[in-house]
Amino acid sequence: LVYAGIMYVQHPGDIIQALDATNGKLIWEYRRQREDDSRSRNRRNLAIYGHRLFHLTDDNHLIALDARDGVLLWETEEWGSDDGIGHMGGPMVAAGVVVSGRSCSARGGPDICYLAGHDPETGRELWRRRTIPRPGEPGDDSWGDLPDERRWHVGTWGNVPSYDPVLGLLYWGTSVPAPSLEQVRGTMGHDVLYSNSTLATDPSSGDVVWYYQHLPRDNWDLDHVFERYLIDVVVAPDPAEVPWI
């Protein structure tokens, strides 16, 4: 991440460095101290907002560093951090909210498969939105008669979402349900939302504005968690060449 002539680099083990982007000189380095250092995965991005630099740690905290000197400003433990959440994509900032998705182990149940929004000034959680509908919510019936506690594994582990500031929407990609085979899951013939979908959410509340499911009834373990590119392009084909218009 490069901003105002400084390159911010994150390394495995929650090590973050600030380098002079013109010559590579080290300006500051942050090393997170934790009791268990067996988990070490590198996130795919950092986020910056004002003078705060945001990072998701291996021990499942959202932290804010002062981008000028690397001093830790605040840290917030993520809900469900002991139940199997994890990260490959880092946080991003949209509409003044630090948003993040996560991977989620099946052993933790559906509550740990969620999107979250945090206050960039304090780290306070502003909202949390499950990626598996709760009983009674729209999409609940897409899991059939499967009890809520057995609805597993719809995560957003791949990358940060894309943000459209004009429409005020975030676009997330979601992963597979678990187990991979619907006959094993007990969801024969059901779409199991919001697996393998694009979710459009409101960054201020986490509400799902719309969704598109790319692969209902997943039996192939085919994640749809990767980039959502937003492209403005004029589409004006010759009608004679495209008869289905």
Once every DSSP H run of n ≥ 4 in the chain is given -39500 (n - 2.57) and the sum is divided by its residues, what mean residue ellipticity at 222 nm do you get, rounded to the nearest 500 deg cm²/dmol?
0 deg cm²/dmol
Accessible area, probe 1.4 Å, largest first, for residues ASP164, ASP238
ASP238, ASP164
Which of LEU115, LEU1, TYR49 sits closest to the plus end of the dipole of the chain, meaning its Cα is farthest towards the positive end, when Lys and Arg get +1 and Asp and Glu get -1 on the C-beta?
LEU1
Taking the full set of protein chains and a 1.4 angstrom probe, give the accessible area of SER204 in square angstrom, rounded to the nearest 10.
80 Å²
Calculated FRET value between ARG124 and ASP238, using beta carbons and R₀ = 41 Å, to 0.05
0.15
Consider a paramagnetic label point 7 Å from the Cα of MET188 along Cα→Cβ; state which residues of the stretch 140-162 have an amide N under 18 Å from it.
142-147
Can you tell me, using C-alpha contacts under 8 Å and at least 6 residues apart, the relative contact order of the stretch 87-161 as a whole percent?
38 percent
Qualifying GluC sites (Glu not before Pro) in the stretch 21-106, DSSP loop, other Cβ atoms within 10 Å at most 13:
GLU35
For the charge dipole of the stretch 138-245, defined by +1 on Lys and Arg C-beta atoms and -1 on Asp and Glu C-beta atoms about the Cα centroid, which residue among TRP152, TYR211, LEU170 has the Cα displaced farthest towards the positive pole?
TRP152
Kindly sort THR22, THR57 by accessible area of their heavy atoms, largest first, with the probe set to 1.4 Å.
THR22, THR57
Remind me, relative contact order of the chain in percent, using alpha carbon pairs under 8 angstrom and six or more residues apart?
12 percent
Modelled label-to-label distance, LEU181 and ASP66, 7 Å Cα→beta-carbon offset: nm?
5.8 nm
Accessible-area order (highest first, 1.4 angstrom probe) of the listed residues TRP143, TRP74:
TRP74, TRP143
R0 of 30 Å, Cβ-Cβ distance ASP82-ALA21: FRET efficiency to nearest 0.05:
0.20
Give, rounded to the nearest 20 debye, the magnitude of the charge dipole that the chain has about its Cα centre when Lys and Arg contribute +1 at Cβ and Asp and Glu contribute -1 at Cβ.
400 debye
When all protein chains stay in place, what accessible area (Å², nearest 10, 1.4 Å probe) is found for ILE48?
40 Å²
What three numbers, in Å, describe the spread of the alpha carbons of the chain along their principal axes, ordered from the longest?
56, 54, 29
For a quick check of understanding: with a 1.4 angstrom probe and all protein chains in place, what accessible area in square angstrom does TYR163 have, to the nearest ten?
60 Å²
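Note the full-extension length gain between ARG150 and LEU1 as 0.36 nm times their separation in residues minus their Cα-Cα distance, in nm to one decimal.
49.7 nm
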Cα pair distances exceeding 21 angstrom across the stretch 180-245, given as percent
50 percent
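The values are calculated or read from the model by the stated rules, or taken from the named source; none is laboratory data. Note that the structure is predicted; figures quoted are calculated from it, not measured. We place every Cβ from the backbone using ideal geometry, glycine too, and count neighbours over all the protein chains shown. Just so you know, the surface numbers come from the protein's heavy atoms only, side chains and all, with ligands and any DNA or RNA stripped out. Shrake-Rupley method; radii C 1.70, N 1.55, O 1.52, S 1.80 Å.
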